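Here is the structure we will look at, set down as structure tokens.
The values are calculated or read from the model by the stated rules, or taken from the named source; none is laboratory data. Predicted, not measured: the structure shown is a model, and the values here were computed from it. Positions of Cβ are generated from backbone atoms using ideal geometry, with glycine treated the same way; all protein chains shown enter the neighbour counts. In case anyone asks, the SASA skips ligands and DNA or RNA and just uses the protein heavy atoms, side chains included. Shrake-Rupley method; radii C 1.70, N 1.55, O 1.52, S 1.80 Å.
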Amino acid sequence: MPRNRTARSAVLGLPVRRSASRSHPSRTSSALRRRIVLGLLVVVSLALITVSFRERSNGPLHDAQAAVAGALQPLEVAVERVARPFRDAYGWTKGLFEARAENEELRAENEQLRQQVIQNESALQRNVVLERLLEYKSSPAFPVDYDGVPAEVIARPSGSFEQTIVVSAGSGDGVAPDAPVVTADGLVGTVTRVTEGAARGRLLPDESSAVSALDLRTGASGIVRPGPSGDSLVLDRVSKKEVVRAGDDIVTAGWRFGQFASLYPKGIPIGRVTFVGELNTDLYKQVQIVSDVDFSALDSVIVLVSRRPAPELP
């Protein structure tokens, strides 16, 4: 009869009272058993470890360990064979990325060292030029009654029609227009424009350049002008009566008349004679000279500043 009552109650929609669930106590007891088993395993492990340390090398525990290791060795070999290709692939990939990174670092370091070598060579060449300028400034060949203002070339010739340079010395250093510009190899040109901290100079190969000069061996005089091409020069207006030979040194004439004097001091080297010729129809000798100055690679120069006051015009 109780079953019929329950069924009737369910059919009629009446609340049915069910028995309380007993799952909670079972879960608690299961967790307790797992903890007990874990604790026993820990105790047994500690005991086995302690006994293994105290036992001799030929004891039963060591024999058991050797037996287990021997039984597991085929499994270890199989796992090693399966894992080796993956490990090798990982090592190859890692090594490849490391090699690429190291290659990039070496390239960057190589470029840095190359730039440093270039800078060192440039500084060494500049020091050599400066030493030559200082030696020339203190030598007996340096023009008398002139002070030398060392200057760095900050701009070089930009075209074949205008041979000019800009140097890092100006009116603040005593530089004035028409001041001669020289190096240890010889005459470079003259100053044309001056600012407070810089000056523009006209080079000898410029088409508007002209310098009175003479043959150091024979005293034959003429005017040095630009040649037909490049940095070539010619000694113009040399009389046919004069004796000029290839290899003769040409220097500035440096004339003086009372308080007046030429723009260039006497005896500054200009170049050497490379060719001498003449035709019956020519009024003067054809004399070609070459300068020891490399006008396309000027780094440092000396601007000559006269110690004598400028003459007063009447």
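For this structure, a couple of remarks:
- Check on Glu131, modelled with pLDDT of 80 or more and either in a strand (DSSP E or B) or of a type in the set (D, E, K, R) (or both): yes
- Residue match in the stretch 181-192 (condition: open to solvent by 50 Å² or more (accessible area, probe 1.4 Å), in a loop (DSSP other than H, G, I, E, B) and either touching a strand residue (DSSP E or B) at 6+ places or on another chain (Cβ under 7 Å) or more than 11 Å from Leu304 (Cβ to Cβ) (or both)): yes
- Pair list, Cβ under 7 Å, 6 or more apart: the stretch 162-175 residue at positive phi, other residue in a strand (DSSP E or B) and open to solvent by 10 Å² or more (accessible area, probe 1.4 Å): Gly174/Val149; Gly174/Val305
- Pair list, Cβ < 7 Å and 6+ apart or interchain, from the stretch 232-250 residues that are without any contact (Cβ under 8 Å) to a residue 24 or more places away in the chain to residues that are among the polar types (S, T, N, Q) and surrounded by 15 or more Cβ atoms within 10 Å (Cβ to Cβ): none
- Residue match in the stretch 204-213 (condition: closer than 19 Å to Asp299 by Cα, in contact with a helix residue (DSSP H, G or I) (Cβ under 8 Å, 6 or more places away or on another chain) and either among the β-branched types (Val, Ile, Thr) or open to solvent by less than 20 Å² (accessible area, probe 1.4 Å) (or both)): yes
- The residue that is nearest to Ala184 (Cα to Cα), counting only those in the stretch 114-140 that are in contact (Cβ under 8 Å) with a residue 60 or more places away in the chain and open to solvent by 70 Å² or more (accessible area, probe 1.4 Å), is Lys137.
- The residues in the stretch 215-257 that are open to solvent by 40 Å² or more (accessible area, probe 1.4 Å) and either outside any loop (DSSP other than H, G, I, E, B) or within 18 Å of Asp185 (Cβ to Cβ) (or both) can be counted, and the count is 12.
Yes/no per residue for (1) more than 19 Å from Leu133 (Cα to Cα); (2) among the hydroxyl-bearing types (Ser, Thr, Tyr):
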{"residue": "Asp185", "(1), (2)": "no, no"}
{"residue": "Val188", "(1), (2)": "no, no"}
{"residue": "Ser221", "(1), (2)": "yes, yes"}
{"residue": "Leu235", "(1), (2)": "yes, no"}
